[in-house]
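Computed from the coordinates by the stated procedures, all read-outs in this text should not be read as laboratory data. Here the structure is a predicted model, which means the values were calculated and not measured. Here the Cβ positions follow ideal geometry from the backbone for every residue, glycine too, while neighbour counts run over all protein chains shown.
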Amino acid sequence: MRELTFVRRGRLEWRDRPDPVLQLPTDALVRPFVAARCDGDALPLHRPVSRAMQVGLKTGLIDPVVGSIVGEVPFRGPFGIGHECVAQVTAVGPEVTGVAVGDVVVVPWALSCGTCAQCRAGLTAKCATTAAESPGGTLAAFGFGPTSGPWGGMVVDSLRVPFADHMLVRLPEGVDPLRVAAAGDNLTDAWRAVYPPLHDRPGGSVLVMGGGAQSIGLYAAGLAVALGAGVVDYVDDGEARLEVAQALGARVHRLGGRRKRSAFPVTPGRYDVAVEASSSGRGLRQALRALRPGGVCTATGYYLAPGTKVPVMDMYATSATLRVGVSSVRPVLPHLLDFVATSGFAAERVTSLVADWDDAPEVYGARTIKLVLHRPPLDLAATASPS
Ligand SMILES: [Zn+2]
Ligand SMILES: [Zn+2]
């Protein structure tokens, strides 16, 4: 079968990979038919990041912790890329009871067992079971290369999913797979940044610093509006993203001119919730200083420089909370999908390019906000086992 393979910056191609098989009775095989590009994939696609990160790690320009997360040679091709998909179940092991052949499911980007202490604490992206089995020892995931395990990327014809009853979440009736193309990562990342703090502060005001994690910032702005936030202010310097944020119901604030991000006049004490998606230390500090007493800021970007400054005294003054860390998608995925099903939240408005699956090598590196690939699902009714 073919797998979309990242070779090096500017070069993606289909490469052959053996079809996966069911290895354990709790495995499933799925066929992705909608795949979205995670914001983080822009890093190896658009910057000479492998070489630059190696040099940065050696010279101290990049925080050494980054090396412990992604390895000393990050993003070196070739590896199967892509870790957001909606798929059809094509085969299940004898102990799988929660999903059946033909079911349409969302596959979380990180592999997790569902039963270890980390998983039970809701930290499925930190699953101890799957991380221990991955060569890097810290992360088991689709689409991040061999240090994160043998799982491969999601732009592929067949994917082996272990712990299938735990991992796979069925799409609710009536939800368009294209709408929730990013539910396996970025859309749920945005959800965890706005739903819990807004649930505790109904009608609260929300600030989104956008532009770095492009789709996450926009999903967060749209979800905040849909969740009934009193005010949603979206700050960015990208015209196309500002238009999307406005269409999603946010008030937009254009950063412009040479001063760029420093130009946004953040008034301290205005926001209950902040989402930092600019991936800049400055954005992080502005977001934290903008919080009202008791406010919560979730940082969803990457902060690669060593010693990113955090205004702790400002946070002390406002009893602010800063939440960081990779997104543990699986525990919150059912709630997000139910919300999309009942509210009709139009997440697809963030999608800036829908392309044919076959064109993946040509389009996956496109400089666009959010790319979604699709192909027709299979007609599996004939092969589904009666139950
Ligand atoms: Zn991702
Ligand atoms: Zn686990």
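Give me the one-decimal nm value for the distance between modelled label points at Thr368 and Ala305, 7 Å along each residue's Cα-to-Cβ direction.
Here the answer is 3.3 nm between the modelled labels.
Over the chain, what is the relative contact order in whole percent, taking alpha-carbon pairs under 8 Å and six or more residues apart?
About 18 percent, as a whole number.
For the stretch 186-323, what does the alpha-carbon gyration tensor say about shape, rounded, prolate or oblate, given a ≥ b ≥ c as the root eigenvalues, a/c under 1.5 as rounded, and a/b over b/c as prolate?
rounded
In whole angstrom, how far apart do the alpha carbon centroids of the stretch 171-186 and the stretch 215-231 sit?
For the stretch 171-186 versus the stretch 215-231, the Cα centre distance is 17 Å.
Applying a 10 Å radius around every beta-carbon, put 135-145, 9-19 in order of their mean neighbour count, most first.
Order by mean packing, descending: 135-145, 9-19.
What is the order of Tyr364, Tyr302, Tyr271, fewest Cβ neighbours within 10 Å to most?
Ranked by crowding around the Cβ, least crowded first: Tyr302, Tyr364, Tyr271.
How far apart, in nm, are two points set 7 Å out from the Cα along the Cα-to-Cβ line at Arg375 and at Thr97?
3.4 nm
Compute, for the stretch 249-355, the length of the dipole vector about the Cα centre, with Cβ point charges of +1 (Lys, Arg) and -1 (Asp, Glu) only. Units Debye, rounded to 20.
620 debye
Local charge sum around Arg375 (other residues, Cβ-Cβ under 11 Å, Lys/Arg +1, Asp/Glu -1)?
That works out to -3.
Just flag the trypsin sites (Lys or Arg not before Pro) in the stretch 283-387 sitting in loop per DSSP whose Cβ has no more than 11 other Cβ atoms within 10 Å.
Sparse-neighbourhood loop trypsin sites (Lys or Arg not before Pro): Lys309, Arg367.
Taking the Cα centre of the stretch 186-323 as origin, sum charge times position over the Cβ atoms of Lys and Arg (+1) and Asp and Glu (-1), and report the length of that vector in debye to the nearest 20.
For this selection, approximately 440 debye.
5 Å is the cut-off here: which amide hydrogens, built 1.01 Å from N in the peptide plane, fall below it relative to Ala91, excluding neighbours closer than 5 in sequence?
Leu29
Using the Cα gyration tensor of the stretch 271-318, with a ≥ b ≥ c the square roots of its eigenvalues, what is the shape: rounded (a/c below 1.5), prolate (a/b larger than b/c) or oblate (neither)?
Oblate, since a/c reaches 1.5 and b/c is not below a/b.
Just grab the label-to-label distance for Glu243 and His46, each label 7 Å out from Cα along the Cβ direction, in nm (one decimal).
Computed distance between label sites Glu243 and His46 equals 1.7 nm.
Name the shape class, rounded, prolate or oblate, that the alpha-carbon gyration tensor gives for the stretch 96-155, where a ≥ b ≥ c are the square roots of its eigenvalues, rounded holds for a/c under 1.5, and otherwise prolate holds if a/b is larger than b/c and oblate otherwise.
oblate
Can you sort Glu84, Glu362 by how many other beta carbons sit within 10 Å, fewest first?
With the sparsest Cβ surroundings first, the list reads Glu362, Glu84.
Counting only residues 5 or more places away or on other chains, whose amide H sits under 5 Å from the amide H of Gly153 once H atoms are built in the peptide plane?
Answer set, sorted by chain and number: Gly80, Ile81, Gly143.
With n ≥ 4 as the cut-off for DSSP H runs, can you work out [θ] at 222 nm for the chain, using -39500 (n - 2.57) per run divided by the number of residues, rounded to the nearest 500?
That comes out to -7000 deg cm²/dmol.
Which percentage, to the nearest 5, of the DSSP beta bridges contained in the chain is antiparallel?
Rounded to the nearest five, the antiparallel share is 55 percent.
Return Met154, Met313 ranked ascending by Cβ neighbour count within 10 Å, so the fewest neighbours appear first.
Met313, Met154
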